[in-house]
Every structure is written in structure tokens, then in C-alpha cells.
1. What does the accessible area of LEU350 come to, in Å² to the nearest 10, when a probe of 1.4 Å is used?
2. Note the direction-averaged projected area, equal to a quarter of the hull surface, for the Cα convex hull of the stretch 47-206, in nm².
3. If the limit is 23 Å between Cα atoms, which of LYS286/LYS324; LYS36/LYS161; LYS65/LYS306; LYS258/LYS282 go over it?
4. Roughly how many nanometres apart are two label points built 7 Å out from the Cα toward the Cβ at SER38 and ARG110?
5. Quick one: length gained pulling GLU210 to ASN355 fully straight, 0.36 nm per residue minus the C-alpha distance?
6. Can you give me the C-alpha center-to-center distance between the stretch 322-377 and the stretch 204-277, rounded to a whole angstrom?
7. Sorting check: for 117-129, 173-185, which peptide has the highest mean count of neighbouring beta carbons within 10 Å, and how do the rest follow?
8. Through the Karplus equation 6.51 cos²θ - 1.76 cosθ + 1.60, θ set to phi - 60°, convert the phi angles of the stretch 281-289 into ³J(HN,Hα) values in whole Hz; use x for Gly and Pro.
Amino acid sequence: MINPLRVSSVLCLLMMVGVVTLAVPKAWAQAFDVKKISELPDYPMDPAKFEAATTLYEDTPLGDKFLAYKIRLPKDWKKSADDNLRSQDLSKRLLGEVARYYGPVTGDVRSRFVIMALELDHEITARNWFLHYILSRGYTLQGMKELSDRRVEALYIQMEKDTPFVVRATAEINGPRMILSMVYIPEALWKGQEGMQDAIIDSFSFIAPEDSRLSSIQTFAFLDLLRFDYPTSWRLRAPSIQSIDVMEASVINTRDEKTLNGEIDINIISTELDTTLAEEVKALQKELEERGMVIGAMIEQPADYKFQPQVSYNRVEVYEMTNKEKSIQDHEYWIAVLIEDRYYYIVTMLTPSRNVDFYTWAGNTEAFGRVIQSMRP
């Protein structure tokens, strides 16, 4: 059993070894702080009036059941005749357009409804995927609501040449697809149409919703003592099992076996050894220093993980990280300390910073969460 005094010392562990300070977490992006996103405004419309003013459309683009949808649109909106011209192949990284409907021309502008999709290649929440979409295009986010980890709804401003559009959109995962549905209304025409725009997006749904996750999980076992899950898109390095008292493993995110996009290291230490958790964390810190890495300010302390029943204590913290020569892009250092009766788990991750490569960061943090939440006998 673990000595209660040893457990209580963990509360100050990372501060003691110089990894954690008591500073207030630092916002990672000055221009766009995802922790301060505005509430999504609602513009309710009478359901009976909406149904009377709209037509129900149903379609299965490309014959793909994951793209099959239904939507209600104003009666004077028309489906584009060439909406499949650019959608013959869904890329894993590029959005492909699979449907488009136009409203009537007003002056030299018109409203429209567009569906775009891509094939996902790793687990990511709809929220993080959508934030990457907004950030990478420089759109002005007005508000967002996370309905689940698979669906978000948002309102943003998009400039097209000299014309601003108010766009209400949903990003939703269906099976292996990410589907982005958007209602564009020219800003000059938006006032008075916000209720219709809101109701259109609310009416969008999948004909064949599929809740299953990507079948992309591998499991690794330290003998018959402990196991964890990790994405199949990550590669397991040869694990080191010195004895049942000290076990190590690493999984890495690499697309070409040359470029390292993320690294998660799992260190398992018996609570019966003549060592302390502080000493083990300090040893890991020394290894980083020998690699030329410098741990900076604390960014956040995530607390929304759900650990396995045997875990009696947990702490997860995130830090800025650079290297001494400033020769690599900014990174983040994630560290999770978990305790159970038999073992200490120390799980660390190096990942590109969220404000350098948000998409890679989002996928890496999903993988990190998968690993630490799946640690089990």
C-alpha cells in the first residue's frame, strides 16, 4: 500500500522539482483565446411558420450513406445543378463540396446553403476540428456551442471579395466523415433573416446517423500487469521492461517515419521501489534538458479526464516548451501523474504548440487523453 505521506507530497511534486510553478495559466493565443469564445446567439422562429415557408430536401451525395442528409430550405431556394463537380474524391485533409443550394439574387449577392465533407484519418473532436477550420482561414467567430464531442454549431463572419457574409454552421462527425453544413447570408440582408438561418441549420440532420468511432485503436500490455490504448495511426516504439518494477513504452505520431509530429512516453514505476515520485519526475526533466529542451510557463491544468477505477490520484499539467538553440518550432509539454496501489504512472507528451499547428496539436491531445484514460490492469 502507498504511504499516505507520500501521496500528500505529490500535491506539491512538480513545484518541488522545478517543473511546475504556481503561476496563473497563460493564455496561449493573444488574438484568439478559445477559452473565451462567446455564447452562440439563438434566434428562434415559429416552427409552423418555418415549415410553411420551406421545402424538405433529401439526398445522398456520391451514394455515400455517411453523407445522406435532409434539410429544410426556403421555397424560393434552388439546388445547384453542378454540386457534384468538385466532390468526386473526399480527401483526408481537404474539404470537398458535396451539395449547394442558392437563394434568389438580391442586387448582386445571394444567400446559399453548402455542405462540405472530408474523410477523417484520426480521432478529433468536432470542436477542435472546427476551431482549426476557423483559425486557418482567418474568419471572425461570433459564437459557438458544443452540443457534443461530435457536433458543434457556430456563427461567424466570412469575407468574400468585398462582401461580408454572416455564416451559421454545424460541424458534425458521422462515421468516418466530418461534415460541415453552412448557411451564408450577406451581412446587408441578414437582419430579419437570422431566425430563418437558425432554423435551417437546426433542420439539418443525417438520414443514417452513425455514432461508431473510427476503428483506430490498438492495445499494448506490459506483461499481464497493465495495459493502455493508443491510436493505430501512432507507432509503438520497442518497449523496455527491465522488470515488473520498472516498465517503459513510447508511441509516436509520424507520417513518413522521418518527421516526428508527437511523442507520448509512458513510465511505470513500482510503489515498492526505494524511490519517490519526485525523484522519478526530476529524472525525466533531466532527460529533457539533455535533449536541449527548456520547460517554460504553465499553460493549463486540464481536469476533464475520466480515469480507471484503480487510479487513486491524478494530476495533468501543460507547459510551454522550447529548445535552447531556438531551432525548432514552439512545443508543449504535457505531463500526467497517476497513482494506484501498485504503481506510479508518469505519462508525458511532446507536441507542436496549439498556436503553431492547431490540427496536429488537437489530434495529439486526443491521443494523449486516450492513453491516460485507458491505463488499466
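1. For LEU350, the solvent-accessible surface is approximately 20 Å².
2. It is 9.3 nm².
3. Result: LYS36/LYS161; LYS65/LYS306; LYS258/LYS282 exceed 23 Å.
4. 3.0 nm
5. Fully extending the segment from GLU210 to ASN355 adds 49.0 nm.
6. 11 Å
7. Packing order, densest peptide first, comes out as 173-185, 117-129.
8. Rounded to whole hertz, the list is 5, 5, 5, 5, 4, 5, 4, 4, 4.
The values are calculated or read from the model by the stated rules, or taken from the named source; none is laboratory data. Keep in mind that this is a model prediction, so the values were computed, not measured. With ideal geometry, Cβ positions are generated from the backbone for all residues, glycine too; neighbour counts draw on all protein chains shown. Accessible surface areas use protein heavy atoms only, side chains included; no ligands, DNA or RNA. Shrake-Rupley method; radii C 1.70, N 1.55, O 1.52, S 1.80 Å.
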